[in-house]
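A.B. asks: Just passing along the structure, written as structure tokens.
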Amino acid sequence: MDQQHLSKLYSSVGIVALVIAVNTWIQIQGGETILSMPLLSKEHPAAALYGLVLVGALLALTAIVGLVHAMRHGTCWHERAPLVWLAGLRTGTAEGRLFQAVLLILLIALPAISLVKFWDAVMTARLCALGNSAEPQLVADSWWAGIAGNPSQTRLVTGLLAGKDGAAASCGGGIEVFPPKEFLAIMLLDIFAAACVCAFLVALFRPSAMPSTGPFDSQ
């Protein structure tokens, strides 16, 4: 891939990750999604879990593309960062550097911060056994061990569903999860995404190579 290909891939994947991150964040805060883009679930814990997978994977890909670009092109950070939208922009100017900094915040920093928010939403949710009326367990306390002796589905929920016609509340709604394998896999994915982001930033802000002044260098 040449520089233009890398920039297009970086911007395309990064923008999709940004939209999913913003939509998911707004939804788990109780708002409505933007750009009429529906999420995979309207329930807050489920939306946050899906956000961890989708944003984590897309952020990792965005950072990897950015890393390749930073290693191949540019001598300073604003040149090493892929250029989005404004082809031919002089990134060395004050407004050019500001533009590149804003894009780094939007396409890298904001999705990375959203993963922290989504993990908080998941860990403060509840796990329960489908159809069971027992009190749901906090995910933070039971994501590894799950629900002991549960013969049915383990559901990720906000709480029990109210029973009809005076029946006791029971576990329902939410989505099925598989502790600890599913949680552990998602954690590893997001750790990988964080490592990719760190590698990209290190390559982006590494010191510029000093020009050689050896006796055989051309003047």
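Nothing in this text is a laboratory measurement; each read-out follows from the coordinates by a stated rule. Source: prediction; values computed, not measured. For neighbour counting, all protein chains shown are included, and Cβ atoms are generated from backbone atoms with ideal geometry for every residue, glycine included.
A.B. asks: Let a ≥ b ≥ c be the square roots of the eigenvalues of the Cα gyration tensor of the stretch 86-130; is it rounded (a/c under 1.5), or, if not, prolate (a/b larger than b/c) or oblate?
C.D. replies: It comes out prolate by the Cα gyration axes.
A.B. asks: Looking at the stretch 99-183, which chymotrypsin sites (Phe, Trp or Tyr not before Pro) are in a loop (DSSP not H, G, I, E or B) and have at most 16 other Cβ atoms within 10 Å?
C.D. replies: Passing both the DSSP loop test and the Cβ count: W144.
A.B. asks: Provide, for the chain, the number of lysine pairs with alpha carbons under 24 Å apart, each pair being eight or more places apart or on different chains.
C.D. replies: Value for the chain: 4.
A.B. asks: Let me have the relative contact order for the chain, percent, based on Cα pairs under 8 Å that are six or more residues apart.
C.D. replies: Answer for the chain is 24 percent.
A.B. asks: Something else now. What's the longest bit of the chain with no exposed trypsin sites (Lys or Arg not before Pro), using DSSP loop states and at most 12 other Cβ atoms within 10 Å as the test?
C.D. replies: 91-163
A.B. asks: Here's another thing I want to ask about it. For T91, T124, what ranking results if the residue with the fewest other Cβ atoms within 10 Å of its Cβ goes first?
C.D. replies: Ordered from fewest to most neighbouring Cβ atoms within 10 Å, T91, T124 come out as T124, T91.
A.B. asks: Continuing with this model, one more query. Any chance you could check the Cα centroid distance between the stretch 65-84 and the stretch 155-206 for me, in angstrom?
C.D. replies: 32 Å
A.B. asks: Let me ask something else about it. Need one word for the chain: rounded, prolate or oblate. Basis is the Cα gyration tensor (sqrt eigenvalues a ≥ b ≥ c); a/c below 1.5 gives rounded, then a/b vs b/c decides.
C.D. replies: Prolate shape, in that a/c is at least 1.5 and a/b is the bigger ratio.
A.B. asks: Can you pull the one-decimal nm distance between simple spin-label points at R97 and M123, each 7 Å off the Cα toward Cβ?
C.D. replies: 3.7 nm
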